[in-house]
1. Pairs only if they're at least six apart or on different chains, beta carbon under 8 angstrom, first in the stretch 199-222 and not assigned by TED's automatic domain parsing to the domain that holds Glu131, second β-branched (Val, Ile, Thr) and part of a loop (DSSP other than H, G, I, E, B); list them, first residue then second.
2. If only one of Asn412, Asn392 is more than 29 Å from Asp326 (Cα to Cα), within 22 Å of the chain's Cα centre (by Cα) and surrounded by fewer than 19 Cβ atoms within 10 Å (Cβ to Cβ), which one is it?
3. Go through (1) modelled with pLDDT under 95; (2) surrounded by 14 or more Cβ atoms within 10 Å (Cβ to Cβ) for Asn458 and report which single condition fails.
4. For the stretch 182-201, indicate whether the set of residues that are of a type in the set (Val, Ile, Thr) and surrounded by fewer than 16 Cβ atoms within 10 Å (Cβ to Cβ) is non-empty.
5. Which pairs turn up if I take residues in the stretch 166-179 that are outside the structural domain of Ala232 (by TED's automatic domain parsing) and free of Cβ contacts under 8 Å to residues at least 24 places away in the same chain and look for partners that are in a strand (DSSP E or B) and crowded, with 17+ Cβ neighbours inside 10 Å with beta carbon separation below 9 Å, at least 6 apart in sequence or on another chain?
6. When you look at Ser217, is it at pLDDT below 95 and not aliphatic (A, V, I, L, M), yes or no?
7. For the stretch 171-180, state whether one or more residues are within 26 Å of Leu444 (Cβ to Cβ), of a type in the set (Ser, Thr, Tyr) and in contact with an Asp or Glu (Cβ under 9 Å, 6 or more places away or on another chain).
8. Looking at the structure I just gave you, is Ala370 touching a residue at least 24 places away in the same chain (Cβ under 8 Å) and outside any helix (DSSP H, G or I)?
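The values are calculated or read from the model by the stated rules, or taken from the named source; none is laboratory data. A quick note: this is a predicted structure, and the numbers were derived from the prediction, not measured. Every residue, glycine among them, receives a Cβ derived from its backbone with ideal geometry; neighbour counts consider all protein chains shown.
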Amino acid sequence: MPRPIFSTDHKSTARYLDLAANAHGREKGFLMLEALRRTQNAKPHIVEIGPGGGASVEFLSSQIGGYARAEQNVALTLIEAPGVESSSLASAISLFRSVGSCELVHGFAQDIHNLLPCAVDIISTSALFHEVYSYGGGYSGLHAIMRTLPTVLVPGGFFAYRDVYAVDSGTLHRRVTQCYEARSWLQFIRMFLPYYLEHGTHPYHHADDEIVVRQNSRIVDASKLDTSGECAFISAPLGLFREIQRHYITFRDHVWRSGTLGFTPALEGQLSNDWIDLRTGHKRVHYTLCDAEWLTTAQKTMLRAMSEPYDDHHTIDGDIFDNVTDVALTAFLDAANDGDTGCTQVWKDWRAREGHETYAYLTLDELLCAFAENSVQAATEQPAVLMPVQANDVRRIERHYYNRFLSKRLPNPLLDAKQLVLFRNIPLTEVDTLTEALETLQGLCAKESLARVYEAVNRRG
């Protein structure tokens, strides 16, 4: 399989790993903990691929102490890309070693069969598969890993999957029409979409996937969108709109973190979870002002007037913060498009790290079917298949804050969430477990997908 072509420099800086990639520890480690509870091995071996800043490692270490089994019997191996290190991961490893053994191994996920000396009980990944898709061979790269996993898992072992949720649809290629009128979104689409379609790894190459942009009753090229506020209607595959949404959010957060706009909000850590109403995604935003001039003196004065002092920074209602700071983001995009040196560099930095990636590459139906079809083809003496066994092995965790933001900006926002699936490596000889898993799939997959899974399992079995 070809090596990933992205530079790890873009995702291995201390700021990215220690801050942006070191959140949601409970969510990242939840399925690992559930698998640990269900494993039969008295000395379980867990592997996490791509631990990032170590958030899940820290969470796991905080939970393992409550087990009746001897804590030192839990072994954890972390696999990270060469050259990727962070102080927060080092701290998490040190913490875990107080409750079990922990080893850091550098290598690529595609080479996991060479990195592990023997089969393990649990393998966990977070946000790995969309990177493999984007940089490691598209669908063929994904399918190759799916076929490799049963060879490095013990029979009955678990694979904990966490990545970006796609859409509520049978396919990402279903054509829909969306409209955009906010200047910041129009400018973002004008700058991002042509680049992504040309340079990114994506599945939208069919004739029916053509992107048609209409503005002022005329078909226009996306790179020539009028960003003055005239509404644009875009007809395209549903999955492509998911890409636009998700990339806009990562770009906005990247610019916020850079401080370029004159303020830096707390997007990770305790201060980022100051909820007014968690269910609706309504929060208070904690932020600090800095010297950048994208907010005018009047805008900064207005921002302060609507904020409250909090220790050494300010806090403000999240809805108000979004409205006020959108002005600065729009001005930033205009400047980047016009060639401003500082803004252009921030844009290029984000584009190099995120702009090639495809987040929504498989719906849940397609994901579960692909895992079953490919894993059952693994080169193992004892045939097995990766499938969720219980209904609660498949979960979706909504991003309430982002969904609130999107619902206020777009007439037809798509759900932003994380998809979690706990797969079990089921030997085909375990008829009862296999039957339970197939019954679980009946409530999650279309009949066509179920038929494909049934055929693949029976062909190997």
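1. Pairs found: Gly200/Thr358; Thr201/Thr358; His202/Thr358; Pro203/Thr358; Tyr204/Ile211; Ala222/Ile211.
2. Asn392
3. Unmet condition: (2).
4. Narrowing the stretch 182-201 to residues of a type in the set (Val, Ile, Thr): 189, 201.
Those left that are additionally surrounded by fewer than 16 Cβ atoms within 10 Å (Cβ to Cβ): none.
No: the stretch 182-201 contains no residue that is of a type in the set (Val, Ile, Thr) and surrounded by fewer than 16 Cβ atoms within 10 Å (Cβ to Cβ).
5. none
6. Numbers: at pLDDT below 95: yes; not aliphatic (A, V, I, L, M): yes.
Spelling it out, Ser217 is indeed at pLDDT below 95 and not aliphatic (A, V, I, L, M).
7. The answer is yes, given that some residue of the stretch 171-180 is within 26 Å of Leu444 (Cβ to Cβ), of a type in the set (Ser, Thr, Tyr) and in contact with an Asp or Glu (Cβ under 9 Å, 6 or more places away or on another chain).
8. Working: touching a residue at least 24 places away in the same chain (Cβ under 8 Å): yes; outside any helix (DSSP H, G or I): no.
No.
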